[in-house]
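A short write-up of the structure that comes next.
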Protein chains: 2
Amino acid sequence: MSHGSNDTKAEAPGALGEAQLLEIYDFALDLGRRAGKILLDGVDQRCGDEEGRGQNEVDKMNAVDIVTQTDLDVEAFVKNEITARYPSHNFIGEETYSTGNSKEYLVTDSPTWIVDPLDGTVNYTHLFPMFCVSIAFCISGVPVIGIIYAPILDVTYSALTGHGAWLNDSTPSSPAPSHKRRQQLPLVRNPIPVLPEAAPKGCVFSCEWGKDRRDVKDGNMWRKVESFLTMAAESSGRDGKGGMVHGVRSLGSATMDLAYVATGAFDIWWEGGCWEWDVAAGICILREAGGLITTANPPSDIDTDPIEEVRLGSRLYLAIRAAGDSATETGRQAQERVVRETWKRVYNLDYSRPGA
Amino acid sequence: MSHGSNDTKAEAPGALGEAQLLEIYDFALDLGRRAGKILLDGVDQRCGDEEGRGQNEVDKMNAVDIVTQTDLDVEAFVKNEITARYPSHNFIGEETYSTGNSKEYLVTDSPTWIVDPLDGTVNYTHLFPMFCVSIAFCISGVPVIGIIYAPILDVTYSALTGHGAWLNDSTPSSPAPSHKRRQQLPLVRNPIPVLPEAAPKGCVFSCEWGKDRRDVKDGNMWRKVESFLTMAAESSGRDGKGGMVHGVRSLGSATMDLAYVATGAFDIWWEGGCWEWDVAAGICILREAGGLITTANPPSDIDTDPIEEVRLGSRLYLAIRAAGDSATETGRQAQERVVRETWKRVYNLDYSRPGA
């Protein structure tokens, strides 16, 4: 692995040394790509060959059966590979929870893998390419390695703490496809663009409708939509709070949303309801790309309360892309400004952990 | 060009014969890919090489300058290529209008090219991959050839009336990249999936927030958001009209939305405000993929009024993916059912043509 120059030098978290982390990163990147190939096999089962032959023969299952089975297959594959190679590490997968009764936060200080075998399940069911494998490796509860692989797009977003974030990184075990260019994130970086002065005006705002569709005024769907509206409305609208964002995007995958904040494609991502396996890899990649991530819910004093580090299991996230310094503020100051401008326009969301 | 079997046999529209249309299709597919490469050059100008070198040197323009210039360059390139090869054909491009005073509907019965050199401009500015070149060739006002090329994704969606719709089609002049699989649309086709019985429940609904952000109760933003809400809410919500769609997607490109309805990734796309150059190619591709497209605005009797063919210049569109036959209804009946179920849940949008 030959990484380019990077300002921050790697410091080995916990008991694991730099060489070990590089090896784990290499393993994880390869694992993500191999897991993605299993997802693609599920796509091929449904599409058949060029002329559509084979769909009926290979499979009597319906689309949902295929998706459910593929999801389970990929998690079993990833878990087996990890436990075979690193038997002392903990493993948390989406299916770890789905089959249990509770969704308690299980991440400890021990080395822990957090895996979503398939983020964007609805997209996968419908063959919309915005789905991916998400693999994170955490030490002391902090994701230090993150891998996102979107198999139809055939792109990898990845990071190892201290080594930067990359599109289509290559490692000894897992070279990127020859037609894919390796690029450091964010994609535009000499210089990294500043955040708009009148942000959120000029920003691309990413958000999801989610699964909570209760039609009640204080339900999450209403809180979300009212927030989206304030972010989108003309500046004079919504009692002068209109955000007039440049665009509103909903992809149906929290993990892909975070990847696109890391690339710089999206300026702001605001979300509630997803789980640590949806975001652990993305948080690592976003941070290594220079992004900021904190909580979705505004604090009591929006203007002055400190902007806290995101809590991995909080289910509430607000991410801002990397920002260049301007003549009047640092990139970090600009990011904090955009966090506060977003908080001014959004409602508190109500997502707790079952059992918490 | 070696197309697979197709039920509908091509009939030469107007005075142009089958051989001529195949030649024009070949030319258009190649033109789309070459135009897309110019868009990619604009991306490279902003990203530099792998280490980010070159961004400052090659370019003193800001992102918006690059985008505006690239947009103009691509339209000029496409127009020059078309007029050199087919001097008797008409040409309508987005820039044809932007520089004029009016947006009158200019498509006549003559052979006419309708081109959007860059659909998804905001996405292009932000380097979000959902942007594309859109090239349509119309006879008697009907798009008979459609080409959509998304250069970062490096995928082509294309169709020639009577020959089916294709992902990554290859022609003598323009072979698809070797790593890209050629597939007929919709992607799942043996059999083509039926539409859900309780649709819009179970459907992926695609919609865009658009540029009209006036914060007034009868403005288009409100009409859209109220419609989105009804499509998304639980079935018992919104006075029993809740659509409980499987997912809500907003990509920021009408052309890409239509392409994903053609592949089957999106079940329903409902939109107002875009123009004929945004949709002409997509309409051709969607129809060849078996999709239905009509108007966004509900008629006076939603249950019984005929479902009219879309008018290209109407700025109001509702598209439904291809649907398989079930035991109780044909695919076309199912599509019409979903059109009516959508109309029941949406507001009339207010988009007129300037000067109309």
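Some notes on this structure:
- Residue list for the stretch B:262-287, filter: of a type outside the set (Val, Ile, Thr) and out of contact with any helix residue (DSSP H, G or I) (no Cβ under 8 Å at 6 or more places or on another chain): B:Glu276, B:Ala280, B:Cys284, B:Arg287
- Checked against (1) modelled with pLDDT under 95; (2) exposed (fewer than 15 other Cβ atoms within 10 Å of the Cβ), A:Asp301 meets all criteria but (1).
- Within the stretch A:204-231, being over 16 Å from B:Ser227 (Cα atoms) and assigned to a helix (DSSP H, G or I) holds for A:Asn220, A:Arg223, A:Ser227, A:Thr230, A:Met231.
- Of all residues in the stretch A:213-225, exactly one satisfies the criterion of being within 19 Å of A:Gly252 (Cα to Cα), open to solvent by 30 Å² or more (accessible area, probe 1.4 Å) and more than 8 Å from every other protein chain (Cβ to nearest Cβ), namely A:Arg223.
- Each residue in the stretch B:114-142 was checked for being more than 29 Å from B:Arg46 (Cα to Cα) and either touching a Ser or Thr at 6+ places or on another chain (Cβ under 6 Å) or open to solvent by 10 Å² or more (accessible area, probe 1.4 Å) (or both), and 5 pass.
- Strands (runs of 3 or more DSSP E) wholly inside the stretch A:266-340 containing at least 1 residues that are outside the structural domain of A:Cys132 (by TED's automatic domain parsing), under 22 Å from A:Gly252 (Cβ atoms) and not hydrophobic (A, V, I, L, M, F, W, C): A:268-272, A:316-320
- Residue list for the stretch B:232-243, restricted to those being in contact (Cβ under 8 Å) with a residue 24 or more places away in the chain, touching a Gly at 6+ places or on another chain (Cβ under 8 Å) and assigned to a loop (DSSP other than H, G, I, E, B): B:Ser235
- Counting only strands (runs of 3 or more DSSP E) wholly contained in the stretch A:85-203, the ones carrying 2 or more residues that are more than 10 Å from chain B (Cβ to nearest Cβ) and more than 16 Å from the chain's Cα centre (by Cα) occupy A:90-93.
- Of note, B:Gly272 satisfies the criterion of being buried (at least 23 other Cβ atoms within 10 Å of the Cβ), under 25 Å from B:Lys103 (Cα atoms) and more than 9 Å from chain A (Cβ to nearest Cβ).
- Number of the condition not met by B:Leu22 [criteria: (1) modelled with pLDDT of 90 or more; (2) closer than 26 Å to A:Gly264 by Cβ]: (2)
- For the stretch B:231-265, a residue qualifies if it is farther than 25 Å from B:Trp277 by Cβ and open to solvent by less than 10 Å² (accessible area, probe 1.4 Å), and the qualifying residues are B:Met231, B:Ala232, B:Ala233, B:Gly237, B:Gly242, B:Gly243, B:Val245, B:Gly247, B:Val248.
- Candidate set from the stretch A:46-75 (those that are facing chain B (nearest Cβ under 10 Å) and modelled with pLDDT of 75 or more); member that is nearest to A:Trp113 (Cα to Cα): A:Arg46
- Options B:Asp267, B:Asp278, B:Asp303: the member that is touching a residue at least 12 places away in the same chain (Cβ under 8 Å), more than 13 Å from the chain's Cα centre (by Cα) and more than 14 Å from chain A (Cβ to nearest Cβ): B:Asp303
- The residues listed here are A:Ile307, A:Ile285; of these, the one that is open to solvent by less than 10 Å² (accessible area, probe 1.4 Å), closer than 30 Å to A:Leu106 by Cα and modelled with pLDDT of 95 or more is A:Ile285.
The values are calculated or read from the model by the stated rules, or taken from the named source; none is laboratory data. All values derive from a computational prediction rather than experimental measurement. As a convention, Cβ positions derive from the backbone with ideal geometry for all residues, glycine included, and neighbour counts pool all protein chains shown. The protein model used for the area step is the full one, side chains on, heavy atoms only, and it has no ligands, DNA or RNA in it. Shrake-Rupley method; radii C 1.70, N 1.55, O 1.52, S 1.80 Å.
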